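*Asks:* Take a look at this one; I'll ask things after.
The values are calculated or read from the model by the stated rules, or taken from the named source; none is laboratory data. Treat the numbers as computed from the prediction; the structure is a model and nothing was measured. When we count neighbours, we look across all protein chains shown, and the Cβ atoms used for this are built from the backbone with ideal geometry, even at glycine.
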Ligand SMILES: CC(=O)c1cc(-c2ccccn2)c2ncccn12
């Protein structure tokens, strides 16, 4: 396939994209939609060793970097934890990250992932 032609999505990719869509709905301000830059967050790249955001997750799905649903859960948690490390507790970003982590863990709870895994196998 040359680059232009769409590649068929695997069942895993479809499940991953569906989960990311559900998680992004919990980020209405799109604070987590794109990578945090040092421009909007001074010193960010020297403080945060593993940056993550929803657009990077979607790229990883497209490049088949995720081998399981659990790997997405790890990236999601890292993304929220980064925001709670860099941003002070009273900031809107810290508060949004706590709330997003809480609602995201319900979407990514083990029972839900296990039943999704069944449908992929
Ligand atoms: C997620 C995060 O830490 C974040 C997102 C943003 C952000 C995201 C979109 C538009 C504006 N700001 C931000 N700005 C300053 C400091 C931290 N942040």
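*Asks:* Kindly indicate the residue of the stretch 1-14 that is assigned to a loop (DSSP other than H, G, I, E, B) and surrounded by 11 or more Cβ atoms within 10 Å (Cβ to Cβ) and also farthest from the ligand (Cβ to nearest atom) among those meeting that condition.
*Replies:* That would be 10.
*Asks:* Next question. Here is a check on your reading of the model: is residue 119 more than 14 Å from the ligand (Cβ to nearest atom), modelled with pLDDT under 95 and in a helix (DSSP H, G or I)?
*Replies:* yes
*Asks:* A further question on this structure: Could you check how many residues of the stretch 15-60 are assigned to a helix (DSSP H, G or I) and under 15 Å from the mean Cα position of the chain (by Cα)?
*Replies:* Total meeting the criteria: 17.
*Asks:* Please verify whether the stretch 54-66 includes one or more residues that are within 14 Å of the ligand (Cβ to nearest atom), in contact with a helix residue (DSSP H, G or I) (Cβ under 8 Å, 6 or more places away or on another chain) and more than 28 Å from residue 12 (Cα to Cα).
*Replies:* no
*Asks:* In the stretch 38-52, is there at least one residue being within 16 Å of the ligand (Cβ to nearest atom), surrounded by 13 or more Cβ atoms within 10 Å (Cβ to Cβ) and closer than 18 Å to residue 107 by Cβ?
*Replies:* Within the stretch 38-52, one or more residues are within 16 Å of the ligand (Cβ to nearest atom), surrounded by 13 or more Cβ atoms within 10 Å (Cβ to Cβ) and closer than 18 Å to residue 107 by Cβ.
*Asks:* Still on this structure: Residues being within 16 Å of the ligand (Cβ to nearest atom), out of contact with any helix residue (DSSP H, G or I) (no Cβ under 6 Å at 6 or more places or on another chain) and either touching a residue at least 40 places away in the same chain (Cβ under 8 Å) or within 18 Å of residue 33 (Cβ to Cβ) (or both): count how many of those fall in the stretch 67-87.
*Replies:* Residues that pass the stated criteria total 5.
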